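Have a look at the structure below before the remarks.
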Amino acid sequence: MTSHQIRQAFLDFFRSKEHLIVPSAPLVAKNDPTLMFNNSGMAQFKDFFLGNGTPPSRRIADTQKCLRVSGKHNDLEDVGFDTYHHTMFEMLGNWSFGDYFKKEAITWAWELLTEVYQLPKDRLYVSVFEGDSKDGVPFDQEAWDLWKPIVGEDRIILGNKKDNFWEMGDTGPCGPCSEIHIDLRPASEVAEISGKSLVNNDHPQVVEIWNLVFMQFERKADSSLVPLPATHVDTGMGFERLCMAVQNKTSNYDTDVFQNTIQVLETLSGKKYGANSESFADIAMRVIADHIRAVAFAITDGQLPSNNKAGYVIRRILRRAVRYGYSYLGFQEPFFYKLVAVLADQFKDVFNELKSQEEFVTRVILEEEKSFLRTLESGLKRLDVIVNSLKEKGISVIAGDEVFELSDTFGFPVDLTALIAREKGFQIDELGFQDALTEQKNRSRQDAAKEATDWIELREADGVEFLGYDFEETHSQIVKYRKVKTKTGEEYHIVLDRTPFYAEMGGQVGDTGILLLDNGLADGKKTIRIVDTKKENDLFVHISQDKDLDDALQNARIIVAKIDSDRREKIKANHSATHLMLSAMREVLGTHIGQKGSFLNDEVLRFDFSHFAKVTDEELRKIEDRVNEKIREDIALDERRNVPIKQALDQGATATFGEKYGDFVRLIIFDPTYSFELCGGTHIPSTGQIGVFKFISEGSVSAGVRRVEAVTGAKALEIMRQQEEVLNKIKDLLKNPTDLVKAVESLLDERNGLQKRIVSLENEKIQTLKSTLIDNMKKHSTFNLIVEKVDVPNADSLKQLSYELRDQIENLIAVFGTEIGGKPQLSVFIAENIVQETGLNAGKIVKDLAKEIRGGGGGQPFFATAGGSDASGLEAALDKAKGLF
């Protein structure tokens, strides 16, 4: 079976078991502060396990793009060195939300593996959870009893908490699990040593292929376990390992999942893969074949390489791949970007978003490669110098400050330096590196600014009902709240059962406003100020910085939630203008324009988009004119809710890659032939309410991504009036000329002419001064000395004067003093041959002389300058200089 057939067989099998097949969530995690990337198949379903949302079906199956390169689940260091770890991987999964449990999960898993994929039963082993007294979780007797008649006791292994209790993070849904392992060793080795003894012992051919997780608990922030409202099933089968097993290969990289990419690398490098699995050439090909998937799909889903947080993770992966290609495959020029095309073709029927953005992803990777290759060679040379020096001293640890230098100067992520060091038999001082690393370079694995307590539950609710599309205030109840410590103090996070407050998402900022409390409160508080609204998973979290709200929140019965309506109206205008602008951009710049990020509030709208050249002033005017034309047409908003996503896309609606859409979506339409988009934000009822649209800036964000900023309505008028005021002031200063541009050009021409004349006069003055100085020069046996107070226009003239005299006088020592704008200046010049013969140092001399003018300075041994605050000391400084020579 090919990898495509293997994947499809999984989905078809669970479709036959009445599972709804859903698409993969984006690789980049959205609306989940605990994750940078979706690192497991269950990540997009976490809210359903917690009871914060309702799944579209009680039975679901999918293949999910996952990335494990940070935090608790970090496989990066193993990638390439073994044959079965990956950064990005596909996780095949089937899910039960309060429906079936262990019996069905176990029997169906066995049926699929042995009857559909026809894996040999005598090569399969299973594990069950042995229990954990500390957590108070008993041995999983139910799973044991279900597996025993299927595989027999001799093929069941008891697993500890590390191996058989699954948790996706420090908090969240969790539970015991049963893993299924397969022994892929040759028959001769199987006969000699039982595969059971090799399970979970990192044997490359005795590997886990499927994990059946039985969700029963939620891990709280205090590490306690509480039962979930209902039991669930969460299974995850590594697609790449499954392909290795079904295709009877000894390595994931020998399957057709990776071979297309590896064959391209063979052609590009001229090296053959597979001659020696432990050679660095083979390791390099595995690293690159793995890493291109992670980088390409992350960029596709909206995460560009950068210097912080998730973007830094992607940059690390990319640079690790480029370094292996450079060091072991001989790639001195960019090569990584060439692999995007083969990947896009391979996955066009599975994750078509990469094919749709192939050109953009290719350009971003190419620019990143070019940037890194510029410093890679010099960085490797610097590392060799460090290593060779340490070898001579008998030291085996690279100091933290040197590791930081490689990171800061040469762009070497610390793990890349550690990897190269390990290849050379060295370690790095990680603690020293952390001490030297600046705050913006730190990649904190948890939010350093916040330390949240567990939610304080006040009442049950089926979920949060958002009413903000239709109402600006609602009567609501408080469901739960928590206190959060921040860098500036403490804030309260409040969840309501229904709310008009829009939570920050899709680039639109969260609403602000107030909560009006009912009477009968313990402390008499009646109003709570809401300064922001965030979305956490499927919760709308209202943030207040008011103090001591516990009693008020706990005693409140019915509250009125009321948004800041004026602020919301301005935000709506900016959001609708963004839609009109995007359509105009596609008309003017081309249909390749795609959204890569946005931010809009009540002041400004900012929009990042894929484009490979500066947007010219003429193009900006055309876009601006087109948007204002649509505003004047006063097009009524056509809003459609709960539209099946397939129907919306088939009708031509524009979706943003990287955003997570459900089965039903909301359409925002301003003329179906012009602006037709999927959007969850708030919008004005007709385009005329935007008033006016005006660009205020355009520039580059990163490779292939541009950014524009614009304003609308009253803000646009305010900016235009400010510009008009400046223009009128200029007119007044120029006596209201008929042609303002011509008048300014004439003024600039006159200014330039005067500047040239000034320079010419100053040069004449310097030449006259030179003659006088030469006449007053003191000749000594080994040098010629000039010490004078001079009248020059600026400090640079001291240097010019000194260097021109040097060209005319041999063995010159010149000390000059001057006043410029009432401030004293000194310069010391010593001919280079005198410096070499006598050891005199102009920098040291000028520092000493500067004491007389209450100043300081320095420079090179042959020329140095100093400034001060006491011009009355100039004569003393020059007299002192005369005494030195």
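What follows is calculated from the coordinates using simple rules that are stated; it is not laboratory data. Given the structure is predicted, the values throughout are model-derived calculations rather than measurements. As a convention, Cβ positions derive from the backbone with ideal geometry for all residues, glycine included, and neighbour counts pool all protein chains shown.
What to note about this one:
- Equivalent ellipsoid, the stretch 376-435 (semi-axes from 5 times Cα gyration tensor eigenvalues, Å): 16, 13, 10
- Amide H contacts under 5 Å for E465, placed H, 5+ residues apart: R498, T499
- Label-to-label distance, nm, for residues given as N276 and E142 (7 Å Cα→Cβ offset): 5.3
- Rounded to the nearest 20 debye, dipole of the chain from Cβ charges on Lys, Arg, Asp, Glu: 1560
- Helical runs assigned H by DSSP (4 residues or longer) give the chain a calculated mean residue ellipticity at 222 nm of -12000 deg cm²/dmol, each run adding -39500 (n - 2.57) before division by the residue total.
- When you restrict to C-alpha pairs under 8 Å that are six or more residues apart and normalise by the size of the stretch 568-712, the relative contact order lands at 32 percent.
- Crossing angle, helix 280-300 versus the chain [Cα axis fit, 0-90 degrees, rounded to tens]: 90
- The stretch 241-316 and the stretch 774-827: distance between their alpha carbon centers, rounded to Å: 66
- Cα-based shape type of the stretch 568-712, given that a ≥ b ≥ c are square roots of the gyration tensor eigenvalues and the cut on a/c is 1.5: oblate
- The stretch 696-797 shape via C-alpha gyration tensor axes, a/c threshold 1.5: prolate
- For the chain, the antiparallel share of DSSP beta bridges with both residues in that region comes to about 85%.
- For V509, residues with placed amide H under 5 Å, excluding near neighbours: L600
- Counting only lysines at least 8 places from K880 when in the same chain, those with an alpha carbon closer than 17 Å to its own are K778, K789, K844, K847, K851.
- Sites excluded, GluC sites (Glu not before Pro) in DSSP loops with at most 15 other C-beta within 10 Å, longest stretch of the chain: 19-277
- Rg/Rh ratio calculated on Cα atoms of the stretch 761-884 (Kirkwood radius): 0.93
- For the chain, the fraction of alpha-carbon pairs in successive 20 Å shells from zero, as %: 12, 33, 32, 17, 7, 0
- Over the stretch 111-254, relative contact order from alpha-carbon pairs under 8 Å, at least 6 apart, %: 22
- Residues whose amide H lies under 5 Å from that of T527, counting only those 5 or more places away or on a different chain, are L517; hydrogens are built 1.01 Å from N in the peptide plane.
- The chain: angle of helix 141-151 to the longest principal axis, Cα-based, in degrees nearest 10: 70
- With 0.36 nm allotted per residue and the present C-alpha distance subtracted, the K103-E709 stretch has 212.5 nm of extension available.
- Computed from backbone phi, the HN-Hα couplings of the stretch 740-752 come to 5, 4, 5, 5, 5, 4, 5, 5, 5, 4, 5, 4, 4 Hz, rounded to whole numbers (Karplus: 6.51 cos²θ - 1.76 cosθ + 1.60, θ = phi - 60°; Gly and Pro given as x).
- Each residue of the stretch 252-257 was assigned a 3J(HN,Hα) from its phi angle through the Karplus curve 6.51 cos²θ - 1.76 cosθ + 1.60 (θ = phi - 60°); the sequence is 4, 6, 8, 7, 6, 5 Hz, with glycine and proline shown as x.
- Charge dipole (the chain, unit charges on Cβ, about Cα centre) - positive-most of T107, F351, G93: F351
- The stretch 364-376 - phi-based ³J(HN,Hα) in whole Hz, Karplus 6.51/-1.76/1.60, Gly and Pro as x: 4, 5, 4, 5, 5, 4, 4, 4, 6, 5, 5, 10, 4
- Relative to the longest principal axis of the Cα atoms of the chain, the long axis of helix 102-111 lies at roughly 90 degrees.
- Here r is the Cβ-Cβ distance between I193 and K161 and R0 is 30 Å; the resulting FRET efficiency, rounded to 0.05, is 0.65.
- Computing FRET efficiency as 1/(1 + (r/R0)^6) for T772 and K844, where r is the C-beta to C-beta distance and R0 is 35 Å, gives about 0.75.
- When the Cα positions of Y328, Y502, A866 are compared along the charge dipole of the chain, A866 comes out farthest toward the positive end, with charges on each C-beta of Lys, Arg, Asp and Glu.
- Length gained when the stretch D435-T782 is fully extended (0.36 nm per residue, less Cα-Cα span): 119.6 nm
- The DSSP beta bridges internal to the stretch 781-885 are antiparallel in roughly 75% of cases.
- With contacts taken as Cα pairs under 8 Å and at least 6 residues apart, the chain reaches a relative contact order of 7 percent.
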